[in-house]
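S.K.: Quick one: the structure is below, and I'll ask about it shortly.
The values are calculated or read from the model by the stated rules, or taken from the named source; none is laboratory data. On a predicted model such as this, the values are computed, not experimentally measured, just so you know. Cβ sites come from the backbone with ideal geometry, for glycine too, and all protein chains shown count toward neighbours. Keep in mind that these areas ignore ligands, DNA and RNA; they rest on the heavy atoms of the full protein, side chains included. Shrake-Rupley method; radii C 1.70, N 1.55, O 1.52, S 1.80 Å.
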Amino acid sequence: MTSILLALVIGAAFGAVLDRIGATNPNWIGKMLSLTNLHLMKTILLAIGTASVLMFAGQMAGLVDVGHMSVKTAYAGVFIGGLMLGVGWAASGYCPGTGVCAAATGRKDAWFFIAGGLLGAAAYMVSYPMWKAAGLLEGDKLTLGAIPGADYPALTSISGDIVGIVMGAMFIAVAFVLPERLRGAGQAVAPAE
């Protein structure tokens, strides 16, 4: 019961932060994807970078239990699904997390997004045997950095924790040097809605 309450509290806090930074507003997503306002992109890069540095440094220090981490298999279906997610995100202005948070704030369009996501998940579930038979769900586990004791290959012999920290630091650096906009530099930034 405690873990459920903790998950609810953390989820509500995460949703509040998403709403506060504008991620629950599809107009801000559209501005980010059209490169006319990169505030949200900078925030996302900073959050991912900070989390990566803290997680991998925590693993190195023994503060984060690596038993909770797992390497996912890379296969064609993952890449196809990623492309579909990207297209859906651009078309709707929502990703799964921001769509649920937007619905919680009362946005009616987000409910249609959630319904579409559930229909898509149902369509995948029904067609799963077809995708499996086509071989699109077969692949291998692969990491960017080496993980001691792992039985799957790495692209480099550098420690996976070091690779994670370096990549996180790069994301943080990009977040700080990225300008507010790459297009429409002569236009004023619209206030948050």
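S.K.: Counting only residues that are under 22 Å from Ala61 (Cβ atoms) and of a type outside the set (Val, Ile, Thr), which one in the range 131-156 is least open to solvent (accessible area, probe 1.4 Å)?
M.R.: Gly145
S.K.: Continuing with the same structure: Residue check: is Gly58 in a helix (DSSP H, G or I), surrounded by 18 or more Cβ atoms within 10 Å (Cβ to Cβ) and without any contact (Cβ under 8 Å) to a residue 40 or more places away in the chain?
M.R.: When the stated conditions are applied, Gly58 does not pass them.
S.K.: Given (1) over 24 Å from the mean Cα position of the chain (by Cα); (2) at pLDDT 95 or above; (3) not aliphatic (A, V, I, L, M), identify the lone condition not met by Gly168.
M.R.: Failed condition: (1).
S.K.: Considering only the range 17-34, state which residues are open to solvent by less than 60 Å² (accessible area, probe 1.4 Å) and of a type outside the set (S, T, N, Q).
M.R.: Within the range 17-34, Leu18, Ile21, Gly22, Ala23, Pro26, Trp28, Ile29, Gly30, Lys31, Met32 qualify.
S.K.: Taking the residues in the range 63-105 that are open to solvent by less than 60 Å² (accessible area, probe 1.4 Å) and assigned to a loop (DSSP other than H, G, I, E, B) as candidates, determine which candidate is nearest to Lys132 (Cα to Cα).
M.R.: The residue in question is Val71.
S.K.: Could we say that Thr24 is closer than 29 Å to Ala121 by Cα, touching a Ser or Thr at 6+ places or on another chain (Cβ under 6 Å) and in a helix (DSSP H, G or I) here?
M.R.: no
S.K.: Can you list residue pairs whose Cβ atoms sit under 8 Å apart, with the first residue in the range 81-102 being on the phi > 0 side of the Ramachandran plot and the second being surrounded by fewer than 19 Cβ atoms within 10 Å (Cβ to Cβ)? Count only pairs 6 or more apart in sequence or on different chains.
M.R.: Close Cβ pairs (under 8 Å, with a partner that is surrounded by fewer than 19 Cβ atoms within 10 Å (Cβ to Cβ)) amount to Gly93/Asn27; Gly93/Gly30.
S.K.: Report yes if some residue within the range 104-121 is β-branched (Val, Ile, Thr) and in contact with a Ser or Thr (Cβ under 6 Å, 6 or more places away or on another chain); otherwise report no.
M.R.: yes
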